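Just so you know, all these numbers are worked out from the coordinates, no wet-lab data involved. Keep in mind that what you see is a predicted model, and the values were worked out from it rather than measured. Methodologically, a virtual Cβ is constructed for each residue, glycine included, from the backbone with ideal geometry; neighbour enumeration extends over all protein chains shown.
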Amino acid sequence: MSGFDRAERRGRILRAAVQQELLDPEAAVLAGFIDLDGVHETVTSLRGAFPDPLPVLHAFAAKANCLVPVLEELRVSGMGCEVASAGELARALEAGFAPERIVFDSPAKTRAELARALGLGIAVNVDSFQELARLDGMWATARSDSRIGVRVNPQVGAGSITAMSTATATSKFGIPLEDEGNRERLLRAYRDRPWLTRVHAHVGSQGCPPGLMVRGVARAVEFAEEVNDHLGRRQVTGIDIGGGLPVDFTGDQTGPGFDTYVDHLREHAPALFSGAYEIITEFGRSVMAKNGFIAAYVEYTKTVGGRPIAITHAGAQVATRTVFAPEAWPLRVEAHDADGRPKRSRAVAQDIAGPCCFGGDLLARDRTLPLLHEGDLVVVPDTGAYYFSTHFHYNSLPEPAVHGARIDADGRVTFRLLRPARAAHPFPAGY
Ligand SMILES: *Cc1c(COP(=O)(O)O)cnc(C)c1O
């Protein structure tokens, strides 16, 4: 562990990557980096936020970064894994997670996927009454160790990004608690199925203020208590509070922090901490976002209609959400010279474009930065979550390599390949 702060580590990793030719203006024009010391630090702060004697499973949301070596790092740091498809499940198993540390959520689980999960003993959160009926048939024949929960929609409303909000009145996720008749129907469902032992809620991702998330979790906890009171036995023994803690993309500060979130939960949902429940969490973005960055060379620059534009190798293929929904997903961009040193020249407004063949392929518009030149490097911080697991194959652009980095006390950086660059289509021999 190095003792350097996050921004200092980013700079050291970048310069070492240039020296070690992981970034090269001909051979490696774009690459992703994961600060593995940062990942470890973040997981430590997450685990530390929940007091020790409480039984807690922190299941990392695999969709946020599904590279198998990253999942392995998280497993070794003490996390479990949340998956939402057969593909993510395959990656979690390959990364070595024990089945009892995997949680399977998805609104569209097939019969085969459910059967596999039950066969392996993976926890399942049921998303609908229809899925529950399917499970009835399977449960009758399978003897499974899987813990089964119901995902409830606490219907507390949307955050600032509609597409990321999952607890609206009409969300596609979970069983809405407040719809006419549902509460009674759910209470009967728990009464008739002693194997339903968990309650799950995930209020949404990025854009949901912690207050909204806390209200959603509090309603799920109240519902768990209601089930147990109603049945006169402690049937619900686990509460899965989902993920969704927002990340501050404006600077190197961490945002609300796991500690603050847990303080709010203690205040508004004290029963969660009574010791009667195993707590399951499913954080994704808040674990990984700030521990990764993209670096890309500036291939050309031009001035168009009076505005300087830098054409880089990072665009919609690696920053899809940012390019298509720039208001919801703004990212910082840093200007560096070819050696990876921060540029200090006077800042001017410029567009930072990607390589894709459409006009809107811009990482940033009218951004004030030291003027970029051919051969410079741009760094896009805070891209450790989602950006490396959701490549967009536009223009058959390759998936960039992703390198993990560790820094020793003397500042020496060692890299480990987490994902090789992968062409969308292999080039013919001799190309
Ligand atoms: C996406 C998702 C998460 C993770 O959300 P983050 O905002 O990345 O923390 C957790 N649980 C479920 C069910 C999800 O869909």
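For the chain, the relative contact order is 19 percent, taking Cα pairs closer than 8 Å that sit 6 or more residues apart in sequence and dividing their mean separation by the residue count. Taking 0.36 nm per residue of sequence separation and removing the Cα-Cα distance, the PHE4/LEU54 pair yields an extension gain of 14.8 nm. When +1 charges are put on Lys and Arg Cβ atoms and -1 charges on Asp and Glu Cβ atoms, the dipole computed for the range 37-288 relative to its Cα centre reaches about 820 debye. Beta bridges per DSSP, both residues in the range 37-288: antiparallel share near 5 percent. If both residues of a DSSP beta bridge must be in the chain, then about 50% of such bridges are antiparallel. Would you list, by chain and number, the aspartates and glutamates whose Cα falls below 12 Å from the Cα of LYS63, excluding same-chain residues fewer than 8 positions away? The qualifying aspartates and glutamates are GLU82, GLU88, ASP105, GLU282. Within the listed set PRO99, PRO53, PRO326, the Gaussian network model of the chain (springs between alpha-carbon atoms below 10 Å) gives the highest mean-square fluctuation for PRO53.
Model label points for PHE358 and ALA409, set 7 angstrom from Cα along the Cα-to-Cβ axis, are 5.2 nm apart.
The Rg/Rh ratio for the chain is 1.01, where Rg is the radius of gyration of the alpha carbons and Rh is the Kirkwood radius. Each principal axis of the Cα atoms in the range 202-271 has its own extent, and those three values, largest first, are 50, 19, 16 angstrom.
Calculated on C-alpha atoms, the gyration radius of the range 50-181 divided by its Kirkwood radius gives an Rg/Rh of 0.99.
Can you give the translational diffusion coefficient of the range 37-288 in µm²/s, computed by Stokes-Einstein from the Kirkwood radius over Cα pairs at 20 °C and 1.002 mPa s? Estimated via Stokes-Einstein, D reaches 118 µm²/s. Per-residue ellipticity at 222 nm, computed for the chain from helices alone with -39500 (n - 2.57) per DSSP H run of at least four residues, works out to -8500 deg cm²/dmol.
With loop membership from DSSP and a limit of 15 other Cβ atoms within 10 Å, the longest segment of the chain without trypsin sites (Lys or Arg not before Pro) is 1-142.
In this calculation the C-beta distance from SER345 to GLU100 is compared with R0 = 56 Å, giving a FRET efficiency of 0.50. For the range 1-56, the set of GluC sites (Glu not before Pro) satisfying both a DSSP loop assignment and a count of at most 11 other C-beta atoms within 10 Å is given as GLU21, GLU26. Site pair GLU72 and LEU417 shows an inter-label distance of 1.3 nm when each label is modelled 7 Å from Cα along Cα→Cβ. Restricting the calculation to Cα atoms, the range 305-362 shows an Rg/Rh of 0.98 when the hydrodynamic-style radius is the Kirkwood one. Taking Cα centre as origin and charging only the Cβ of basic (Lys, Arg, +1) and acidic (Asp, Glu, -1) residues, the dipole magnitude of the range 1-53 rounds to 140 debye.
Farthest toward the dipole's positive end in the range 37-288, which of GLY251, THR141, HIS200, given Cβ charges of +1 (Lys, Arg) and -1 (Asp, Glu) about the Cα centre? Of the candidates, THR141 comes out farthest on the positive side.
Sites listed here are chymotrypsin sites (Phe, Trp or Tyr not before Pro) in the range 64-144 whose DSSP assignment is loop and whose Cβ has at most 13 other Cβ atoms within 10 Å, and the list is empty. Return the FRET efficiency for the residue pair GLU178, MET138: r is the Cβ-Cβ distance, R0 is 22 Å, and the value is rounded to the nearest 0.05. So the FRET efficiency works out to roughly 0.15.
Counted over all Cα-Cα pairs of the range 185-239, pairs farther apart than 14 Å make up 54 percent.
Where a ≥ b ≥ c are the square roots of the eigenvalues of the C-alpha gyration tensor, would you call the range 281-431 rounded, which needs a/c under 1.5, or, failing that, prolate if a/b is larger than b/c, or oblate? Rounded. May I ask for the net charge around ASP192, where only other residues with Cβ less than 14 Å from the Cβ of ASP192 are counted and Lys, Arg are +1 while Asp, Glu are -1? That sum, taken over residues with Cβ under 14 Å, equals +3.
Once a ≥ b ≥ c are taken as the square roots of the eigenvalues of the Cα gyration tensor of the range 129-265, is the result rounded (a/c under 1.5), prolate (a/b larger than b/c) or oblate (a/b not larger than b/c)? Here the range 129-265 falls in the prolate category. For the chain, a crude dipole built from +1 on the beta carbon of Lys and Arg and -1 on the beta carbon of Asp and Glu, taken about the Cα centre, is about 420 debye to the nearest 20.
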